[in-house]
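Shown next, in structure tokens, is the structure this report addresses.
No value in this document is a laboratory result; all are computed from the given coordinates. Nothing here was measured: the structure is a model prediction, and the numbers come from that model. When we count neighbours, we look across all protein chains shown, and the Cβ atoms used for this are built from the backbone with ideal geometry, even at glycine.
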Amino acid sequence: MRRDWRVSLCRILDLLTFLLAILLVSNAVFGGARFYLGTVRFSVSSTWRIAAALLAVTLARHAILRHPSALYRLNQAAGAARAAFSGRVAGAVTPIWMATRLGTLLVALAALATIGPPPEAEKLRVASNPIVDLPFRWDTGWYLGIAIEGYQWDPAARGQQNVAFFPGLPYMMRVGGALLGSRAAGARETPGRLARLHTRTLIAGWILALAASYAALCALYRWTLATVGARHARSAVALISTYPFAIYCSGVYTEPFYLLSVIAAFNAVRQERPFATGAWGLFTGLIRPNGFLVSIPLLVLALQQRPVNRRLCLMALLPIAGMLLFSLYLMSLTGRPLAWLDAHAAWGRTPPTWQGAVAQPLEQLEQEGALKYALAAPYQILNGAALLFSLGLVPLIWRRLGAAPALLVVVTLVPPLFAGGLMSMGRVTSTLFPVFVALALALPQRYMWACAVLFALGQGLAAVLFFTWRPLV
């Protein structure tokens, strides 16, 4: 028992050693960092202090447990990472990721050069360089604002407020920007430094989002491989990557992080790893407002393991803890723990009536005809098609993949449907990985790549709309 305690402590110290080494390199290259996590201020300006802390932690770690050494464990971790992103996984994922994520960015630059943004969007820039400014689109501005200035609340305001956005992404952007030297310790806030603060924080978020999208595809490949076999793993990766609404994985949005955290949590439950389940679950609850609902399919999946692991079941509930932590913070800031839920009303997230959500569109469709209605309300048609496509595959998901993946689809789609109708339903469906695994199972191989090409054409159109500041809701 004593040995287990020492090993656990050394694992924590090894992680701290790794983080201090990253901070040491960042400090030496960029000259220190200053940022806030909530109301706690972190300021690092002395390379020698970081080096001394790194040395002290390393010595303490080896005094507690000499073998295996921290260097040996680091080499083991590097080997595991190389194995995870090499061989079959990398061979399947890398070409698809590059063609979709980097390919859409090339389409975006071409669209900006030829079509261009509307005149009123010209002032919505954080950098003169079009490549640096490229990820600054739509909700990214909210995430960037939170990363730089924190959460703001005005009880008298009736418009949109940033408490609607969960803290996972903006605080990663804040820390990542600090490591890139966005705000050096002790530096005065001159216009040049403020510009660097915005651009480097934005670039940090973009790097993290693209890396998360790649890691998510690798995790999906491994989950599909373990669940239905190698034949369908590559197909599932191709279909989810080319899906028209996967365009959000090319920008600074929560979609790649949410997709990664949910698949990683599913993998961790399947492998019966309680700590990893809890860590990914907590992260899921801090990423998006609907993240806490992932506890339902995770708990079902944990209860299906034999014998039932109570610790695993408890860790499966940690997405709820993520939502509660943010709610407690908002309680201290606004006096309203569910201010994040109330704030969504400013975006039109209010329960629609049957008349407005269903009866009126159907009546309009009948009167005008399908073509005229589609031309008048194209986003309504696209979002409705995405919803029907995902719900239509639920029976197959339940039958072939199990109850937990099917429940993930249901709990992800139903709440936004009843609190906003079809609005943004395409974006919501883009992270439902069981849908694309089921589609890979349903499609004959000769039709799978035709479907992927059709999806990719739609994603090209979505890239043009999204990156030229046309609404894609």
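Take the Cβ atoms of A60 and I22, set R0 to 22 Å, and the FRET efficiency comes out at 0.70.
Using just its DSSP H runs of length 4 or more, each adding -39500 (n - 2.57), the chain gives a mean residue ellipticity at 222 nm of -21500 deg cm²/dmol after division by all residues. Listed values for the stretch 446-457 are Karplus-derived 3J(HN,Hα) couplings in whole Hz (6.51 cos²θ - 1.76 cosθ + 1.60, θ = phi - 60°), namely 5, 9, 4, 6, 5, 5, 5, 5, 4, 4, 4, 4, and x replaces Gly and Pro.
Only counting other Cβ atoms within 10 Å, I'd like K123, K372 sorted with the fewest neighbours first.
Details: K123 6, K372 12.
Ordered by Cβ neighbours within 10 Å, fewest first: K123, K372.
A dipole drawn for the stretch 287-392 from +1 and -1 charges on Cβ atoms has a positive end, and of L362, G384, L318 the residue lying farthest that way is L318. If R0 is 30 Å, the Cβ-Cβ spacing of A127 and E149 corresponds to a FRET efficiency of close to 0.95. Which of rounded, prolate, oblate describes the stretch 214-363, given a ≥ b ≥ c as roots of the alpha-carbon gyration tensor eigenvalues and a/c under 1.5 marking rounded, otherwise prolate only if a/b is larger than b/c? In terms of gyration-tensor shape, oblate.
Normalised by the number of residues in the stretch 83-467, the mean separation of alpha-carbon contacts (under 8 Å, six or more apart) gives a relative contact order of 21 percent. Taking 0.36 nm per residue of separation and subtracting the Cα-Cα distance, full extension of the segment from L465 to R446 would add 3.8 nm. Modelled spin-label separation between A195 and A110, with each label point placed 7 Å from Cα along the Cα-to-Cβ direction: 3.1 nm. The dipole here belongs to the chain: it is taken about the Cα centre, uses +1 on the Cβ of Lys and Arg and -1 on the Cβ of Asp and Glu, and is about 1820 debye. Cα-based values for the chain, radius of gyration first and Dmax second, are 23.3, 79 Å. Arranged from fewest to most other beta-carbon atoms within 10 Å of their beta carbon, H232, H344, H62 become H62, H344, H232.
Each of T429, T468 was scored by other Cβ atoms within 10 Å of its Cβ. Arranged with the fewest first, they read T468, T429.
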